[in-house]
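Let me begin by presenting the structure, written as structure tokens, before commenting on it.
The values are calculated or read from the model by the stated rules, or taken from the named source; none is laboratory data. Keep in mind it's a predicted model, so treat the numbers as computed, not measured. When we count neighbours, we look across all protein chains shown, and the Cβ atoms used for this are built from the backbone with ideal geometry, even at glycine.
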Amino acid sequence: MPRFFKRLFKFPSMDFEMAIWEMMSLIIAPKAVFRSIYYHKQQQKTWHRPDPSFTYLLSLFLLLTSLAWGFAYADGAGRMLRIALVFVFGHFLLVSVGVATVAFFLVGRLLGPGVKGLPGRRRGLYNLPGGDGEGREELEFGYCWDVAIRAFVPIWVFLYVVQFLCMPLVGTDHWLSLLLSNTLYAIALNYYFTITFLGYNALPFLHHTELLLLPGAITTILWFASLFGLNLSRHLAPVLWAGARLRKDV
């Protein structure tokens with residue numbers, strides 16, 4: 001992470017083209033993103049990619065999205081500013097730091113080599129040896145950050161962009177609205193857990209990473225249960241988490 005902060009304001013050295021490619025690939029072919037990270041490891045000897053371009057770009061997209069939500073639902077410029085700050089610094093950066101911190105302390109300890117009582121698995125996304133002869137590898141906090149912010153992309157796409165465009169459809173009291181709304185949340189969360197799994201599954205020194213898919217199964221069960229009357233868009237829309245007053249019901 002120190003290299004990440006050193007490059008925080010060195011914009012000419014940032015690879016925004018790669019960041020855009022990663023964002024598109026995370027929706028279409030997420031496995032390709034972590035294949036490129038593996039090649040980065042071969043060249044730079046670190047799994048972490050200390051390039052802030054992805055963080056900046058997704059923050060910018062969230063800022064633009066917050067303006068759309070603000071124009072549509074916020075009451076006044078002050079509320080719009082609050083939505084923008086909460087979207088970028090609260091929903092994205094703070095949550096990603098929290099997820100990365102939890103993963104840094106738990107994933108390596110619970111899914112690392114030598115954990116007893118868990119089923120075996122192949123070693124890494126590309127079935128590579130776990131660094132034999134190169135010393136013991138450890139999970140980097142920077143890599144946990146990389147995985148966390150990349151896993152946020154489908155959350156942004158489905159819950160901040162698609163949901164906003166579909167609010168006239170998903171924000172009503174009809175059951176079809178409830179179905180569409182809750183399906184959006186299920187897709188977004190399952191994408192999130194899948195990308196998280198792919199990120200850690202790419203590390204050859206971690207084992208049993210398939211356990212990271214368990215929250216996806218729980219999400220599917222909760223999605224089915226929610227179809228009996230809880231419209232998630234009316235209760236969990238991002239603008240509501242920002243604590244803004246609304247001109248009209250969401």
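Assorted remarks:
- Within the stretch 29-65, the set of residues being without any contact (Cβ under 8 Å) to a residue 40 or more places away in the chain, closer than 25 Å to G90 by Cβ and over 16 Å from the mean Cα position of the chain (by Cα) comprises L63, L64.
- With respect to the conditions (1) crowded, with 21+ Cβ neighbours inside 10 Å; (2) closer than 28 Å to D51 by Cβ, V162 lacks only one, and its number is (1).
- Qualifying residues in the stretch 81-94 (those that are in contact with a helix residue (DSSP H, G or I) (Cβ under 6 Å, 6 or more places away or on another chain) and crowded, with 20+ Cβ neighbours inside 10 Å) - the one farthest from L64 (Cα to Cα): F92
- Residue match in the stretch 70-77 (condition: within 18 Å of V147 (Cα to Cα) and at pLDDT 85 or above): no
- Checking every residue in the stretch 53-65 against the condition of being buried (at least 17 other Cβ atoms within 10 Å of the Cβ) and over 29 Å from G142 (Cβ atoms) gives zero matches.
- Segments classed as helices (runs of 4 or more DSSP H), wholly inside the stretch 127-234, with at least 3 members that are small (G, A, S): 141-155, 175-201, 214-226
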